[in-house]
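Participant: One structure coming up, written as structure tokens, with questions to follow.
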Amino acid sequence: MQINKNSNGLLSIYFTAGYPTLDSTIEIAKTLEQSGVDFLEIGFPYSDPVADGPTIQHSSEIALKNGMTLKLLFDQLKDLRKYVSIPVYLMGYFNPVLQFGVENFCKACKEVGVNGTILPDLPMYEYEELYKTIFEENGVSNIFLVTPQTSEQRIRKIDSLTTNFIYLLSSNATTGKQLEVKNQSADYFNRIKEMNLVNPFIIGFGISNKETFEKATTYANGAIVGTAFVKILAQENPLKYIPDFVRELKS
């Protein structure tokens, strides 16, 4: 299950495992697929989420208080593929993976059917030198991030190491900031588009509604919604709001 370069208008949703309750992860994933989401990012919480805005930071804090760990998450995901057929990626910081053991982590991803990982603080050279073989042996894609400041040379290197899609950050801000496609942003997105990369790219950070989703997918194969969805999960009986939330984005 790969993201196809010819696909357009793809919607990915991010949510934090163990939030709002410890055992809500699979139910949220099932409901998102049933509602028409194209692929999922499940965040594993970390105590020092430096790139996250206050909403996702709060969800991580609650998830940790609830008792969420990587080991428990993989236990919960054992039945993932009984209920969810779309691609699933785990997103988080590298320290918990290192503590879990990189090889153990990749094997666990393979066993439960996770397609790839997004580890923003794993340096590219470290991945290439130390871990690339482990990821590849287990069929786990490592998704790299590109920012407005990333050089063309580095982007092409990322493209050569990528086996799935490239995560294009809309800005250098933390998560939760509203996407504003001004001339500078448009130039950045067009610059990436004109590079004719081998892999598809998906825009994340600042996608919160139909307008920003449509703007982002004008330039990329798809877009990721995180903060706006995590806010939905803060409501009572959040599952009932998911179909309308997804329909509004994709309508």
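Participant: MET91's amide H: which non-local residues (gap 5+, or another chain) put their own amide H closer than 5 Å, with H modeled 1.01 Å from N in plane and none for Pro or chain starts?
Facilitator: Result for MET91 returns ILE42, GLY43, PHE44, ILE118.
Participant: Would you mind working out the magnitude of the charge dipole of the stretch 1-72 relative to its Cα centre, with +1 at each Lys and Arg C-beta and -1 at each Asp and Glu C-beta, to the nearest 20 Debye? Before the final figure, lay out the partial values.
Facilitator: Details: 4 positive and 8 negative charges, 24 e Å.
Once rounded to the nearest 20, the dipole reads 120 debye.
Participant: List every residue whose amide H lies under 5 Å from the amide H of LEU10, counting only residues 5 or more places away in sequence or on a different chain, with H placed 1.01 Å from N in the peptide plane.
Facilitator: GLY222, ALA223
Participant: Return the sequence-ordered ³J(HN,Hα) values of the stretch 155-160 in whole Hz as given by the Karplus equation 6.51 cos²θ - 1.76 cosθ + 1.60 applied to θ = phi - 60°, using x for Gly and Pro.
Facilitator: Running phi through 6.51 cos²θ - 1.76 cosθ + 1.60 with θ = phi - 60° gives 4, 5, 5, 4, 4, 6 Hz.
Participant: If the limit is 21 Å between Cα atoms, which of LYS5/LYS250; LYS110/LYS231; LYS107/LYS157; LYS82/LYS110 go over it?
Facilitator: Numbers: LYS5/LYS250 19 Å; LYS110/LYS231 30 Å; LYS107/LYS157 26 Å; LYS82/LYS110 15 Å.
Checking Cα-Cα distances, LYS110/LYS231; LYS107/LYS157 exceed 21 Å.
Participant: Then there's this: What accessible area per residue, rounded to a whole number of Å², is obtained for the chain using a probe radius of 1.4 Å? Mind showing how you got there, number by number?
Facilitator: Working: 11310 Å² over 251 residues.
Here the residues of the chain average 45 Å² of exposed surface.
Participant: Packing-wise, with mean Cβ within 10 Å as the measure, how do 154-160, 2-8 rank, highest first? If you can, show how the numbers build up before the last one.
Facilitator: Working: 154-160: 15.7, 2-8: 13.1.
My ranking of the peptides, most packed first, is 154-160, 2-8.
Participant: Taking θ = phi - 60°, what integer Hz values does the Karplus form 6.51 cos²θ - 1.76 cosθ + 1.60 yield along the stretch 236-251, in sequence order, with x for Gly and Pro?
Facilitator: Taking θ as phi minus 60°, the curve returns 6, 6, x, 4, 5, 8, 5, x, 5, 4, 5, 4, 5, 5, 9, 5 Hz for the stretch 236-251.
Participant: Dipole of the chain, Cα-centred, from +1 at each Lys and Arg C-beta and -1 at each Asp and Glu C-beta, to the nearest 20 debye?
Facilitator: Numbers: 23 positive and 28 negative charges, 83 e Å.
In total the dipole reaches around 400 debye.
Participant: Could you calculate the contour length gain from GLU136 to ILE86, that is, 0.36 nm times the residue separation minus the distance between their Cα atoms, to one decimal place in nm?
Facilitator: Numbers: separation 50, 0.36 × 50 = 18.00 nm, distance 2.02 nm.
This chain segment gains 16.0 nm when fully extended.
Participant: A follow-up question, please. Based on Cβ point charges of +1 for Lys and Arg and -1 for Asp and Glu, what charge dipole magnitude is obtained for the stretch 113-251 about its Cα centre, in debye rounded to the nearest 20? Kindly include the intermediate steps, with their values, before the conclusion.
Facilitator: Details: 14 positive and 16 negative charges, 86 e Å.
It works out to roughly 420 debye.
Participant: List the residues whose amide H sits under 5 Å from the amide H of SER208, counting only those 5 or more places along or on another chain, with H placed 1.01 Å from N in the peptide plane.
Facilitator: LEU179, PHE213
Participant: Let me know the longest stretch in the chain that avoids all GluC sites (Glu not before Pro) found in a DSSP loop with at most 12 other C-beta atoms within 10 Å. Provide the component values of the computation, followed by the final result.
Facilitator: Values: sites that count: GLU180, GLU194, GLU236.
My reading of the result: 1-179 is the longest stretch.
Participant: Within the stretch 18-47, what residues put their amide N at less than 14 Å from the label point 7 Å along the Cα-to-Cβ vector of GLU61?
Facilitator: 46-47
Participant: Right, another one. Given only helices, namely DSSP H runs of n ≥ 4 each adding -39500 (n - 2.57), what is the per-residue ellipticity at 222 nm of the chain, to the nearest 500 deg cm²/dmol?
Facilitator: After summing the helix terms and dividing by the residues of the chain, the value is -11500 deg cm²/dmol.
The values are calculated or read from the model by the stated rules, or taken from the named source; none is laboratory data. Please read these numbers as outputs of a predicted model, since none were measured by experiment. All Cβ positions, even for glycine, are placed from backbone atoms using ideal geometry, and neighbour counts span all protein chains on display. For accessibility, only protein heavy atoms count, side chains too; no ligands or nucleic acids. Shrake-Rupley method; radii C 1.70, N 1.55, O 1.52, S 1.80 Å.
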